[in-house]
1. Name the strands (runs of 3 or more DSSP E) wholly inside region 298-375 in which the number of residues that are buried (at least 21 other Cβ atoms within 10 Å of the Cβ) and either of a type in the set (S, T, N, Q) or free of Cβ contacts under 8 Å to residues at least 60 places away in the same chain (or both) is 3 or more.
2. Considering only region 390-400, I want to know if a residue exists there that is modelled with pLDDT under 95 and of a type in the set (Gly, Ala, Ser).
3. Considering each of Ala164, Ala179, Ala205, Ala237 in turn, give the residue that is of a type in the set (A, V, I, L, M), touching a Leu at 6+ places or on another chain (Cβ under 8 Å) and closer than 21 Å to Ile307 by Cβ.
4. Being open to solvent by less than 40 Å² (accessible area, probe 1.4 Å), touching a helix residue (DSSP H, G or I) at 6+ places or on another chain (Cβ under 8 Å) and farther than 29 Å from Arg25 by Cα is the requirement here; does Pro289 meet it?
5. Could you list, in sequence order, all residues of region 321-345 that are more than 25 Å from the chain's Cα centre (by Cα) and basic (Lys, Arg)?
6. So which of Thr273, Thr246 is open to solvent by less than 10 Å² (accessible area, probe 1.4 Å) and not aliphatic (A, V, I, L, M)?
7. Condition (residue is open to solvent by less than 90 Å² (accessible area, probe 1.4 Å), at positive phi and over 24 Å from the mean Cα position of the chain (by Cα)) applied to region 112-123: is it met by at least one residue?
Amino acid sequence: MQHGIVHVVGAGLAGLSAATTLAERGHSVGLYEAAAQAGGRCRSYFDPALGITIDNGNHIVLSGNQAALAYLERIGAGNALHGPDRAAFDFVDLNDETTWRLQPSRGRIPWWIFDNARRIPGTRLLDYLGPLKLRFASPEARIGDVMACRGTLYERLWHPLLLAALNTEPPVASARLAAAVIRQSLERGGDACRPLMARDGLSPAFIDPAIAFLARHQAGVHFSSRLQSITIQNGRALELVFSGHTIPLAPQDQIVLAVPANVASQILPEIDTPIEHRAIVNGHFKIAPPTGTPPILGVIGGDVEWIFSYSDHISTTTSGADRLVDMPRELLAANLWREIQRALGTSAAMPPWQILKERRATFAALPSEDVRRPQARTKWSNIVLAGDYTATGLPATIEGAVRSGSTAADMLKGSVDRG
């Protein structure tokens, strides 16, 4: 049977996931990206101010993120991530300089919480039962409605974990999404929680191999192609209108719209999408980390929440960072560096730096926004949606973005096969 072309609009992780899935299945694929490069919020670039290549955000994948790891295997980048043999997360509390290492038990039974030496300092066994209620939360429930958002364990575990995953202050964030985070990580045990980082950067791991994969499968890849509108008639798309040219659609052609939520709602005003977003701020400092610095360090009690150590630079991440986005860059960089000095125990002078502010990094993981997330399938017969803002059941993460792309591909597969 003759298949049409699948036009994938958007070359972020969701679009690349959909495009590579479809290409692997033998579909003719065209990929269109408004920017001059692929990757969206997950890519590397050469920064002239630092004179080195950095990632535009600090991202990790957990060893239990099955969709993300399957995507890497598909594009031939299965060895692009590295991490410890066992789950281990180092922390420091700037309030009292306490340090500890979170090492979950490998299996599903959390034996570690019964061991006083392995529990987080200042916590008791019963403290760990609080999040159990999250799994029974209603769709409209906030985390703060279900569990106590206070105390040592909250400050030293649940707050940093959930804030990093949800990019929204936990007390007001969706309890249902929080439950999904814990269910995908700690609830599955340490074997699913090993932190994996891109060995040579995000683009060499997630992006460049995908573009090469598409080239090997004769997919057309078109950069600097901004979609302006979709012409729709009688319940299906008839043409894609880009700035400068229009692509008419044949009867069997399909569309995966894998653009950000605000762009999707402009192109298809009838779909409901999240409208509230949260910022992420990343600081990059061109200096080799002190000897013995862990690859990832959680920081409690400062604006810095996570420190990532690379061979030639140190990076920080602050989630839910709306309070920081309007701070002057020089002041923000100086504040972050002081906290790095305290956390790593270094007196090194402030090195060359770069501050990246992403005002609309993710949708706000509020119950009111979660219910606005659309399904992949739309009312139009030849259009499906992909993106971490769609109803993946997860917050806006790499795993959620990749899962949305494969879901969109599955939706199209059914409609194409029916002819």
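1. 314-319
2. no
3. Ala205
4. Working: open to solvent by less than 40 Å² (accessible area, probe 1.4 Å): yes; touching a helix residue (DSSP H, G or I) at 6+ places or on another chain (Cβ under 8 Å): yes; farther than 29 Å from Arg25 by Cα: yes.
When the stated conditions are applied, Pro289 passes them.
5. Arg338, Arg342
6. Details: Thr246 fails: open to solvent by less than 10 Å² (accessible area, probe 1.4 Å).
Result: Thr273 is the single residue among Thr273, Thr246 that is open to solvent by less than 10 Å² (accessible area, probe 1.4 Å) and not aliphatic (A, V, I, L, M).
7. The answer is yes, given that some residue of region 112-123 is open to solvent by less than 90 Å² (accessible area, probe 1.4 Å), at positive phi and over 24 Å from the mean Cα position of the chain (by Cα).
Let's see how each residue does on (1) over 24 Å from Thr317 (Cα atoms); (2) small (Gly, Ala, Ser); (3) modelled with pLDDT under 95:
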| site | (1), (2), (3) |
| --- | --- |
| Phe46 | no, no, no |
| Gly51 | no, yes, no |
| Gly57 | no, yes, yes |
| Ser63 | no, yes, no |
| Tyr71 | yes, no, no |
| Arg74 | yes, no, no |
| His82 | no, no, no |
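The values are calculated or read from the model by the stated rules, or taken from the named source; none is laboratory data. Bear in mind that the values here come from a model prediction, so they are computed numbers and not experimental data. Quick reminder, even Gly has a Cβ in these numbers, built from the backbone with ideal geometry, and neighbours come from all protein chains shown. The protein model used for the area step is the full one, side chains on, heavy atoms only, and it has no ligands, DNA or RNA in it. Shrake-Rupley method; radii C 1.70, N 1.55, O 1.52, S 1.80 Å.
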